[in-house]
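Accompanying notes for the structure given below.
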Amino acid sequence: MDLNTLAGSDLQYLIERLLAEYVQCIDDDKLEAWPDFFTEQCTYKIAALENTARGLPIAAIFCDSKGMLTDRVVSLRKANIFERHQYRHLVSSTIVSDITADSVNVRSHYVVYRTRGNGVTELYSAGVYQDRIVSVNNELKFVEKLVIYDTDRVDTLLVTPL
């Protein structure tokens, strides 16, 4: 699919649908399907706003291939020990920019609420998604997903993707 030839509203719909399915996959704890939202060679990075604004490369999570994303899920399921919890994402409307035949850049704001095993719900993370999306076999995929969180403090429970 040539992203440059899609009508603006069609492209907007497809991108917002991709983001909605992405966060639903995480919220429904279907993490084995999470890497399928990405291309084989991709970048997934969770970083603080302060580091990003200063051009610092440090990230809380950095993966540079779909294989690394899969390894992250396997590790989460088999090696990590953490308190049971549930995520709920809210994602803003998406701003689409830099549309070419091959890719599109998008930006949206997110908040994630976490409900712990004791039933307490709290704001877990807030920030922005900066994504570069491509079409692979007529299906939209993330080739780059940068999750920039607003705070400089990371909860030790950052094991599940944002």
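The values are calculated or read from the model by the stated rules, or taken from the named source; none is laboratory data. Worth saying up front: this structure is predicted, and the values here are computed from it rather than measured. As a convention, Cβ positions derive from the backbone with ideal geometry for all residues, glycine included, and neighbour counts pool all protein chains shown. Areas reflect the complete protein model, heavy atoms only, side chains present, ligands, DNA and RNA absent. Shrake-Rupley method; radii C 1.70, N 1.55, O 1.52, S 1.80 Å.
In Å², what does the accessible area per residue of the range 119-162 work out to with a 1.4 Å probe?
Averaged over the residues of the range 119-162, the accessible area is 48 Å².
List the aspartates and glutamates whose Cα lies under 18 Å from the Cα of residue 141, skipping any in the same chain that are fewer than 8 positions away.
Qualifying aspartates and glutamates at Cα under 18 Å: 2, 10, 16, 21, 32, 36, 40, 64, 98, 102, 131.
Of all trypsin sites (Lys or Arg not before Pro) in the range 36-69, which ones are in loop regions per DSSP and have a Cβ with at most 15 other Cβ atoms within 10 Å? Don't skip to the end; give the middle numbers.
Details: sites: 45, 54, 66; in loops: 54.
Answer by residue number: 54.
Between helix 8-27 and the chain, what is the angle of the helix's C-alpha long axis to the longest principal axis, kept within 0 to 90° and rounded to the nearest 10?
Between helix and principal axis, roughly 20 degrees.
Can you pull the percent of the chain's accessible area that's carbon plus sulfur, 1.4 Å probe, other chains left in place?
In the chain, the share of accessible area belonging to carbon and sulfur is 50 percent.
With every protein chain left in place, what is the accessible area per residue of the range 1-61 in square angstrom, probe 1.4 Å?
53 Å²
What 222 nm value per residue comes from the helices of the chain, counting each DSSP H run with n ≥ 4 as -39,500 (n - 2.57) and dividing by all residues, nearest 500 deg cm²/dmol?
Computed mean residue ellipticity for the chain: -7500 deg cm²/dmol.
Could you check the simple spin-label distance between residue 68 and residue 93, using points 7 Å along Cα→Cβ, in nm with one decimal?
3.4 nm
All other residues with a Cβ under 14 Å from the Cβ of residue 94 taken together, and with Lys, Arg as +1 and Asp, Glu as -1, what is their net charge?
Cβ neighbours under 14 Å give a net charge of -1.
Give me the one-decimal nm value for the distance between modelled label points at residue 53 and residue 115, 7 Å along each residue's Cα-to-Cβ direction.
3.4 nm
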